[in-house]
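**Q** I'd like to ask you about the structure that follows.
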Amino acid sequence: MTQYQKTLGPLQGIAMTVTTFIGTGLMILPAMSVAQAGSFAFYAWLITATMIIPIAFIFALLGSKYPSAGGASHYIGRAFGSRYEKAVGWLFLSILLVGPAVAIKVAAAYLTIIFKTSDEWILAFSLLTLAGMLLFAIVGMQTSARFQTGVVIAMIGTIIWLCFIGDIADSRQVIEAPITSSEWQQTLYATGVIFWCFLGIEVMAHMGAEFKNPTRDFQIALLGGITIVILAYLSLVLLIAWHHTYGDEITNSQSLALLVSKLMGETSSRFFAVGAYVIAFANVAIYILGFSRMVQSMAQQGALPKIFIQLNKNGAPERAVLLVGFITLFSIVFSELSGWKMSWFIEMTNGSFLLIYTLTCIAALKLVNRVTQMLAIVALINCGFMVLFIGQSMLFAVIAFCLALSYEYLKSPKSPIKDSKLHVQ
């Protein structure tokens, strides 16, 4: 069994899109943006959303036209050849070394609140969380999607309830438009933080092969999900600014817990911790699924051993999931023993995703019609704008991609004639 089961509809796709973008970032990004941009934070979010929408459209168009578990690497391979496809696959897998460990440790931190234990338990809880996520991935996409749908319904219900009891209408008074150059600079600087919440479009692209009707459903899932995400974040930005649950790093990381406590009382904090853990768990679990499908796709290309092609009875790449789990385990233990700052891991992850987005937009210039090419150019400009905020943290991604591409050239040199045929196919 090597073909994915087409079990996803538009509603399940929307749920998975929402949980891809709303995870640990929901707990801290709204407060961080308000702390940086102040009353201009609302406009900073609108600007960032406007920047991400063209990129999302490009992925939606490519995902519906070329549905594949390879996602962005498949699109890039169709445009530039198999060596680039495999190199992007390696780049995506390199994120495993720096990305999931951070989110898993954040999720584990909520378990310490739930069980009222010390921070010394975070490593043990991280390993327990990872084991649960691997089991979650092995049960198959259909079961996972049902869980994701339940999480999204509960999350949206909670945000709507907070809006109701938190006077969302009155909170609009905190909105202020930037006018002077210094105010615009303050607003645009915050977009560099806000953009992190949208890093995950590439993960959803790996799911394109599992939609019942990818030409229609993939676009509905991606764009509909992003709309819900934007509305959810904007609502929380207004509430956090209105009720002043932001400030220093510690306050920002606890902003939603402080908001819940202020609106619903102290006894709600543990219930909120349970909800926060579930959201973080669902968010990282969908990344595990995406990474596993990337491994399976690379095995089909011959970049990895063929044993990772096989799917289990639930339609999940079980051996690929176990490989992803082993690498993530190494990353968690390394981050714990090395003492490196979590911000370093986050920034390197962001740089890798942004490079993948940029390469995908370049590939789109060769794969879409002339009208859509204009959209790809706009998306590419937006990617270039965000590179300015990431800066030297892009080095990890650039080095990883160059090493992977060099490896593919050395491993399987091809004549220009043969490689040109790949571009046409």
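The values are calculated or read from the model by the stated rules, or taken from the named source; none is laboratory data. Since the structure is predicted, the reported quantities are computational estimates derived from the model, not experimental observations. In this analysis, Cβ positions are derived from the backbone assuming ideal geometry, glycine residues included, and neighbour counts consider all displayed protein chains. For the accessible areas, the whole protein counts, side chains as well, though only heavy atoms, and no ligand, DNA or RNA atoms are used. Shrake-Rupley method; radii C 1.70, N 1.55, O 1.52, S 1.80 Å.
**Q** Kindly indicate the residue of region 34-50 that is under 18 Å from the mean Cα position of the chain (by Cα) and β-branched (Val, Ile, Thr) and also least open to solvent (accessible area, probe 1.4 Å) among those meeting that condition.
**A** The extreme case among them is THR48.
**Q** Within region 22-33, how many residues turn out to be more than 11 Å from SER255 (Cα to Cα) and either open to solvent by 10 Å² or more (accessible area, probe 1.4 Å) or among the β-branched types (Val, Ile, Thr) (or both)? Outline the logic, then answer.
**A** Our first condition is that a residue be more than 11 Å from SER255 (Cα to Cα); within region 22-33, this holds for 22-25, 33.
Now drop any that are not either open to solvent by 10 Å² or more (accessible area, probe 1.4 Å) or among the β-branched types (Val, Ile, Thr) (or both), which leaves 22, 24-25.
Result for region 22-33: 3.
**Q** Among the residues of region 177-193 satisfying the criterion of being in a loop (DSSP other than H, G, I, E, B) and closer than 10 Å to TYR43 by Cβ, which is least open to solvent (accessible area, probe 1.4 Å)?
**A** Residue satisfying both the conditions and the ranking: PRO178.
**Q** Let me spell it out: the conditions are (1) surrounded by 23 or more Cβ atoms within 10 Å (Cβ to Cβ); (2) within 20 Å of the chain's Cα centre (by Cα), and GLY77 meets all of them except one. Which number is the exception?
**A** With respect to (1) surrounded by 23 or more Cβ atoms within 10 Å (Cβ to Cβ); (2) within 20 Å of the chain's Cα centre (by Cα), GLY77 is out only on (2).
**Q** Keeping to region 262-296, report how many residues are open to solvent by less than 10 Å² (accessible area, probe 1.4 Å) and of a type in the set (Gly, Ala, Ser).
**A** Counting residues in region 262-296 that are open to solvent by less than 10 Å² (accessible area, probe 1.4 Å) and of a type in the set (Gly, Ala, Ser) gives 7.
**Q** Does LYS86 satisfy being in contact (Cβ under 8 Å) with a residue 24 or more places away in the chain, crowded, with 24+ Cβ neighbours inside 10 Å, charged (D, E, K, R) and under 30 Å from GLY71 (Cα atoms)?
**A** For LYS86, the condition - in contact (Cβ under 8 Å) with a residue 24 or more places away in the chain, crowded, with 24+ Cβ neighbours inside 10 Å, charged (D, E, K, R) and under 30 Å from GLY71 (Cα atoms) - is met.
**Q** So which residues in region 44-84 are of a type outside the set (A, V, I, L, M), part of a helix (DSSP H, G or I) and farther than 19 Å from ALA303 by Cβ, if there are any at all?
**A** Of everything in region 44-84, those that are of a type outside the set (A, V, I, L, M), part of a helix (DSSP H, G or I) and farther than 19 Å from ALA303 by Cβ turn out to be TRP45, THR48, THR50, PRO54, PHE57, PHE59, GLY63, SER64, LYS65.
**Q** Please verify whether region 322-345 includes one or more residues that are within 22 Å of GLY70 (Cα to Cα) and modelled with pLDDT under 90. Working first, answer last.
**A** Looking only at region 322-345, we keep the residues that are within 22 Å of GLY70 (Cα to Cα), and these are 322-328.
Those still in the list that are modelled with pLDDT under 90 too: none.
No, region 322-345 has no match at all.
**Q** Counting only residues that are open to solvent by less than 60 Å² (accessible area, probe 1.4 Å), of a type outside the set (S, T, N, Q) and part of a helix (DSSP H, G or I), how many does region 361-397 have?
**A** Count: 18.
**Q** How many residues, within region 148-173, are farther than 25 Å from ILE14 by Cβ and either among the acidic types (Asp, Glu) or open to solvent by 80 Å² or more (accessible area, probe 1.4 Å) (or both)?
**A** The qualifying residues number 4.
**Q** Which of (1) assigned to a helix (DSSP H, G or I); (2) buried (at least 22 other Cβ atoms within 10 Å of the Cβ); (3) touching a residue at least 40 places away in the same chain (Cβ under 8 Å); (4) not acidic (Asp, Glu) does ALA320 not meet, given it meets every other one?
**A** All conditions are met except number (3).
**Q** Which residue is modelled with the lowest pLDDT, if the candidates are limited to region 51-65 and must be farther than 15 Å from LEU380 by Cβ and either open to solvent by 30 Å² or more (accessible area, probe 1.4 Å) or in contact with a Ser or Thr (Cβ under 9 Å, 6 or more places away or on another chain) (or both)?
**A** Among those that are farther than 15 Å from LEU380 by Cβ and either open to solvent by 30 Å² or more (accessible area, probe 1.4 Å) or in contact with a Ser or Thr (Cβ under 9 Å, 6 or more places away or on another chain) (or both), it is SER64.
**Q** List the number of the failed condition for TRP340; all other conditions in (1) in contact (Cβ under 8 Å) with a residue 60 or more places away in the chain; (2) closer than 13 Å to ALA101 by Cα; (3) hydrophobic (A, V, I, L, M, F, W, C); (4) in contact with a Phe, Trp or Tyr (Cβ under 9 Å, 6 or more places away or on another chain) hold.
**A** Going through the list (1) in contact (Cβ under 8 Å) with a residue 60 or more places away in the chain; (2) closer than 13 Å to ALA101 by Cα; (3) hydrophobic (A, V, I, L, M, F, W, C); (4) in contact with a Phe, Trp or Tyr (Cβ under 9 Å, 6 or more places away or on another chain), TRP340 breaks only (1).
Residue-by-condition table, conditions (1) in contact (Cβ under 8 Å) with a residue 12 or more places away in the chain; (2) crowded, with 24+ Cβ neighbours inside 10 Å; (3) of a type outside the set (D, E, K, R):
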residue: PHE218; (1), (2), (3): yes, yes, yes
residue: LEU222; (1), (2), (3): yes, yes, yes
residue: ILE226; (1), (2), (3): yes, yes, yes
residue: LEU231; (1), (2), (3): no, no, yes
residue: LEU234; (1), (2), (3): yes, no, yes
residue: LEU239; (1), (2), (3): yes, yes, yes
residue: ASN252; (1), (2), (3): yes, no, yes
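**Q** Okay, next question. Does PHE353 satisfy being at pLDDT 90 or above and open to solvent by less than 90 Å² (accessible area, probe 1.4 Å)? Before you say what the answer is, go through the steps one by one.
**A** On the way: at pLDDT 90 or above: no; open to solvent by less than 90 Å² (accessible area, probe 1.4 Å): yes.
So PHE353 fails the test.
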